[in-house]
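**Student:** Got a structure for you, written out below as structure tokens; questions coming shortly.
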Amino acid sequence: MTQLALGARIGRRLLHLYLGLALFGVSCAMIVAAGLGLGPWDVFHQGLSGQLGISLGWVVIGVGLLLLLLWVPPRQRPGVGTVSNAIVVGLVIDATLVFLHQPGSMGARTGLLIAGVVVNGIATGLYIGAGLGPGPRDGLMTGLAARGHSVRMVRTTIELTVLVLGWLLGGTVGIGTVLYALSIGPLAHFFIPRLSLVDRPPR
């Protein structure tokens, strides 16, 4: 592969990464603005935000950076996508919420929620498909799973824990939480292989 081709490939992967992270932040803000319930991690983030009196985006950034410390025991190595995820998503959430407010009708709120979940799935496909490192929360899950636990058990335990903690802290739990929990897996399963830029091994 020539230097020019290599540079173009890296540039394309970075474009996928940052477009995905930006869309992920926008989609999170859409789900927040709908006011019908958030995904487990954002229930936790919103609960902390209310208790600490700081913006949701900065809580997302702070939690992401703290989670990177938990990568040390399982010897997980963050990539450029990991660090970018910890920072970019939170900044975009706050910037989007400046302009995006809760619609007046239930129909519009429901539409905003559904659109937010779908965009979240597309964003996940883009930033994971870039192959430049998982997000802090995903890396924590895979790091723990690598120590002999099933991915399903680890993910379920983590997400139930942050959901309950977030609810106790005052985060919004509702139909949006259920929709997100049921939809994000199939959406990610659909979009990740279609948006992946990582070379697949020959069959």
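**Student:** Among the numbered criteria (1) exposed (fewer than 15 other Cβ atoms within 10 Å of the Cβ); (2) part of a loop (DSSP other than H, G, I, E, B); (3) of a type in the set (S, T, N, Q), which single criterion is violated by Q76?
**Tutor:** If we test Q76 against (1) exposed (fewer than 15 other Cβ atoms within 10 Å of the Cβ); (2) part of a loop (DSSP other than H, G, I, E, B); (3) of a type in the set (S, T, N, Q), just (1) comes out false.
**Student:** Is it the case, given these coordinates, that H16 is in a helix (DSSP H, G or I) and either surrounded by 23 or more Cβ atoms within 10 Å (Cβ to Cβ) or among the polar types (S, T, N, Q) (or both)?
**Tutor:** Working: in a helix (DSSP H, G or I): yes; either surrounded by 23 or more Cβ atoms within 10 Å (Cβ to Cβ) or among the polar types (S, T, N, Q) (or both): no.
Considered against the rule, which asks whether it is in a helix (DSSP H, G or I) and either surrounded by 23 or more Cβ atoms within 10 Å (Cβ to Cβ) or among the polar types (S, T, N, Q) (or both), H16 comes out as no.
**Student:** Another one. Give the residues of the stretch 20-46 that are part of a helix (DSSP H, G or I) and either of a type in the set (D, E) or at positive phi (or both), sorted by residue number. Step through it out loud before you land on a result.
**Tutor:** Residues of the stretch 20-46 that are part of a helix (DSSP H, G or I), as a first pass: 20-34, 40-46.
Listed by number, the list holds a single entry, D42.
**Student:** Here's a check for you: in the stretch 47-62, which residue that is free of Cβ contacts under 8 Å to residues at least 40 places away in the same chain and assigned to a helix (DSSP H, G or I) is surrounded by the fewest Cβ atoms within 10 Å (Cβ to Cβ)?
**Tutor:** Residue satisfying both the conditions and the ranking: L52.
**Student:** Right, something else. What's the number of the condition T82 fails, among (1) closer than 18 Å to Q46 by Cα; (2) touching a residue at least 12 places away in the same chain (Cβ under 8 Å)?
**Tutor:** Among (1) closer than 18 Å to Q46 by Cα; (2) touching a residue at least 12 places away in the same chain (Cβ under 8 Å), the lone unmet condition for T82 is (1).
**Student:** Just for helices (runs of 4 or more DSSP H) wholly inside the stretch 107-203: which have at least 2 residues that are modelled with pLDDT of 90 or more? Don't jump to the end; show me each part of the working.
**Tutor:** Details: elements: 136-145, 151-169, 175-195.
In the stretch 107-203, the matching helices (runs of 4 or more DSSP H) lie at 151-169, 175-195.
**Student:** When the residues of the stretch 79-111 are filtered to those that are exposed (fewer than 15 other Cβ atoms within 10 Å of the Cβ) and small (G, A, S), which remaining residue is nearest to A130 (Cα to Cα)?
**Tutor:** Per the criteria, the residue is G111.
The values are calculated or read from the model by the stated rules, or taken from the named source; none is laboratory data. Note that the structure is predicted; figures quoted are calculated from it, not measured. Note that each Cβ is placed from the backbone with ideal geometry, even for glycine, and that neighbours are counted across all protein chains shown.
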